[in-house]
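Accompanying notes for the structure given below.
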Amino acid sequence: MKKKVLISDPTLRDGNHAVRHQLKKEQFASYCKAADLAGIPIVEVGHGNGIGASSLQLGESACLDEVLHQTARENLKTSKLGIHMIPGFATIEKDLKKAIEYGVDVIRVASHCTEADITQRHIEFTRKNNKTAYGVLMMSHMASKEILVEQAKKMESYGAQALIIMDSAGFYLPQDVSERILLLTENLTIPVGFHAHNNLGMAIANSVAALEAGAELLDGCARGFGAGAGNAQLEVLVAVLHRLGYETGIDFYKLLDACDLAEKELMPAPPTINSLSIVSGLSGVFSGFMKPVSRIAKDLNLDPRDIFFELGRRKIIAGQEDYIMEVAKDLAQKNGKMA
Amino acid sequence: MKKLKVAIIGSGNIGTDLLIKVMRSPFLECSAFIGRNFHSQGMQKAQTLRVNISADGIDYIKNNPDCCDIVFDATSSASHFEHAPVLADLGKFVIDLTPAKIGSMCVPAVNLKEGLGAKNVNMITCGGQASIPIAYAIGKTQCEVEYVEVVSSIASKSAGPATRINLDEYIHTTEEGVKSFSGAKKTKAILNLNPAIPCINMQTTVMAKVKNPDVEKLKPFLSEIIESVKKYVPGYEIIVGPVIEDGRIFVTARVKGLGDYLPAYAGNLDIINCAAVAMAEEYAKYKS
């Protein structure tokens, strides 16, 4: 019997980071249709930081949550509709209830890797409404594997049906992933998943390492469309998985068609590992900081690489985008460029 | 001057820090520190401070209605919904530190006197106390305030279990407070918990979309209101701005605490407690 792996595709969520959350209704519709035809099991949509995250802090969405949920729902017949939600940005009353009304299937409730207890109510609410709840630990490179296990077990106890660790900064090397996934699978009864970023060119290798260490769920995006250097490139990931003898349930030709469509219709250009995204990965800073760091560095005539390393030194986490201004101001003062 | 008696319900981080601040006040005296468990850290701390403690929760006040004039509720939003009617029947002046938002909202630098007319005063949230003075200054000096967003980051260690379980209420209450004090058409509140060691100080950024941003007009009004916040929260300071960044007004404030119960990084604890004590002292002066 072939080994199975569950593929979740956040092209229309993580990819939104790459275009400052400007994906439009028509773009959601056409990629959903293509992904559905290809048989991708879960298609995740939304603002880059999930429901309720459209903001000045993170960037305003071109498309309202309601509209994109409805659009995705109309265009997904067999694929499940997934969303990302971070307590602290989104609430049950304002955001999650509405998403459930629009018919989302899978709710991935996420927190920074050490703060799982803020997801309790949202995971419980999801389960009470008979929807699938996954727990997500973001920026997982910032905690030891033992702490990840402790946090993951909390999410499992709230009712999470799978646990995903994200390499949000693209910092991991395969060995880092193996160690963490191995300990998690040993300590949890629910499936474990991995979400890669490609800042150091490791997204596919890290995803394979996760699988070999016992992960059962992987995230991948068409052309790698995602924050910073992008994610694990979905079509490459699926090709590799098929060669390794894994079953994904995905029609490979139709997947390639969907990815060609994504390149044409969703992105100005596919993500590349540019010099700054290597720095972003090395500094361990959230990949979603790429756009605002570049903008602020340009405005204040600073080297964006210095900003990334300083943010990393201060252990700034995803969601703290306002700290870029403070760090930039401090650097400018140090450089004597500002009174 | 005779000190006015206060009871504190809730022996978590907020309640315990509040106790230390009340004990320092020339106008207030803590007559009962009420929790649910004698073994909790807060109760132990109160005992070492030789304060009258009880583990009976709200029943202690029901059974000893003359124990106090003012009640600080530092429990959780859900508990305050149960406590509020009981305390109203007993005629207590209630200062609510949970995000239950039953009472009238108070930010001392903006509307301290208004609280005196209420029986239940809500201190909004820590993020509300840190951001509203700035949002209010924006509302007073800019035309057509379309949108105000407030983002706070606090140290993970400064957020106890009730704070964490009340995250949704924190957001709703902060948004309502910012809206009501700034007059913005739309508001949004965001909270980040950062686990970095050494712990980060509380920081709050206010971003606003207004018709024709006028930072020069904002500056003097803002400085004035910041000075009045500093009178009750000495560790409050503006560290970035006001500037226009990406077309929006941008201001960041840092709040260093007094380091009473938790260390100085827990400015979130400090600012809401300092505001609550300022309200209670105002009431005590008014009653004397």
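FYI, it's all coordinate maths here, none of it is from the lab. These figures come from a predicted structure and were not determined experimentally. Positions of Cβ are generated from backbone atoms using ideal geometry, with glycine treated the same way; all protein chains shown enter the neighbour counts.
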Query raised in the report: If you rank B:T16, B:T163 by fewest surrounding Cβ atoms within 10 Å, what's the result?
Result: B:T163, B:T16
Query raised in the report: Expressed as a whole number of Å, what is the distance separating the alpha-carbon centroids of segment A:1-76 and segment A:216-242?
Result: 14
Report summary line: Here the whole-number average of other chain Cβ atoms within 10 Å per Cβ of A:48-54 is 1
**Report entry** Nitroxide proxy distance, nm - points 7 Å out along Cα→Cβ at A:K80 and A:D306
**Finding:** 4.8
Query raised in the report: How large is Rg over Rh for segment A:275-334, taking Rg from the Cα atoms and Rh as the Kirkwood inverse mean of 1/r across Cα pairs?
Result: 0.90
Report summary line: dims of segment B:126-266, Cα set, principal axes, largest to smallest, nearest Å -> 41, 29, 26
Requested in this report: Please sort B:225-234, B:82-91 by packing, taking for each peptide the average over its residues of neighbouring beta carbons within 10 angstrom, highest first.
Outcome: B:225-234, B:82-91
Query - On Cα atoms only, tilt of A:234-243 relative to the major axis of chain A in degrees - result: 50
Query raised in the report: For peptide B:182-194, how many partner chain Cβ atoms fall within 10 Å of a residue's Cβ, on average?
Result: 5
Report task. May I ask you to order B:254-260, B:36-42 by the average number of other C-beta atoms within 10 Å around their residues, highest value first? Result -> B:254-260, B:36-42
Query raised in the report: What whole-number value in cubic angstrom gives the convex hull volume per residue for the C-alpha atoms of segment A:3-265?
Result: 105
Query - Check: chain B dipole with +1 on Lys, Arg Cβ and -1 on Asp, Glu Cβ, in debye - result: 400
**Report entry** Nitroxide proxy distance, nm - points 7 Å out along Cα→Cβ at A:L244 and A:E124
**Finding:** 3.7
Query raised in the report: In what sequence do B:S31, A:S280, A:S111 fall when counting other Cβ within 10 Å, fewest first?
Result: B:S31, A:S111, A:S280
**Report entry** Spatially close lysines, pair count over segment A:262-339: Cα under 19 Å, gap of eight or more or interchain
**Finding:** 7
Query raised in the report: At a Förster distance of 60 Å, what's the computed FRET efficiency of A:L173 paired with B:A88, Cβ-Cβ distance as r, to 0.05?
Result: 0.50
Query raised in the report: How much length is gained if the chain between A:K254 and A:S294 is pulled fully straight, taking 0.36 nm per residue apart and subtracting their Cα-Cα distance, in nm to one decimal?
Result: 10.8 nm
Report summary line: If the chain between A:K94 and A:L64 were fully extended at 0.36 nm per residue, the gain over the current Cα-Cα distance would be 9.5 nm
Report task. Summarise the long-distance tail of P(r) for segment B:4-92 by giving the % of C-alpha pairs beyond 18 Å. Result -> 35
Report task. Provide the packing ranking of B:96-102, B:130-136, i.e. peptides ordered by the mean count of other C-beta atoms within 10 Å per residue, highest first. Result -> B:130-136, B:96-102
Requested in this report: Scale the Cα Rg of the protein assembly as shown by the rule-of-thumb value 2.2 N^0.38 Å and send over the ratio, two decimals.
Outcome: 0.99
Report task. Count, for each residue of A:312-323, the Cβ atoms from other chains sitting within 10 Å of its Cβ, then give me the mean as a whole number. Result -> 6
Query raised in the report: Nearest 0.05, what FRET efficiency do B:R50 and B:F81 give at R0 = 22 Å with Cβ-Cβ as r?
Result: 0.10
Query raised in the report: What ranking do A:F225, A:F171 get, fewest neighbouring Cβ atoms within 10 angstrom at the top?
Result: A:F171, A:F225
Query raised in the report: In the Gaussian network model of chain A, springs joining C-alpha atoms below 10 Å, which of A:G319, A:G135, A:G15 carries the largest mean-square fluctuation?
Result: A:G319
Query raised in the report: Which angle from 0 to 90°, rounded to the nearest 10, does the C-alpha axis of helix A:252-265 make with the longest principal axis of chain A?
Result: 30
Query raised in the report: Can you give the Kirkwood hydrodynamic radius for segment A:231-339, in Å, rounded to one decimal and based on Cα pairs?
Result: 16.4
Query raised in the report: Highest GNM mean-square fluctuation, chain B, Cα pairs closer than 10 Å: which of B:K21, B:K62, B:K92?
Result: B:K62
Query raised in the report: Tell me, what is the FRET efficiency for B:A264 and B:F38 to the nearest 0.05, using R0 = 30 angstrom and their Cβ-Cβ distance as r?
Result: 0.55
Requested in this report: Please grab the % of Cα pairs in chain B that end up more than 34 Å from each other.
Outcome: 17
**Report entry** Stokes-Einstein diffusion coefficient of segment A:114-153, Kirkwood radius over Cα pairs, 20 °C, 1.002 mPa s, in µm²/s
**Finding:** 195
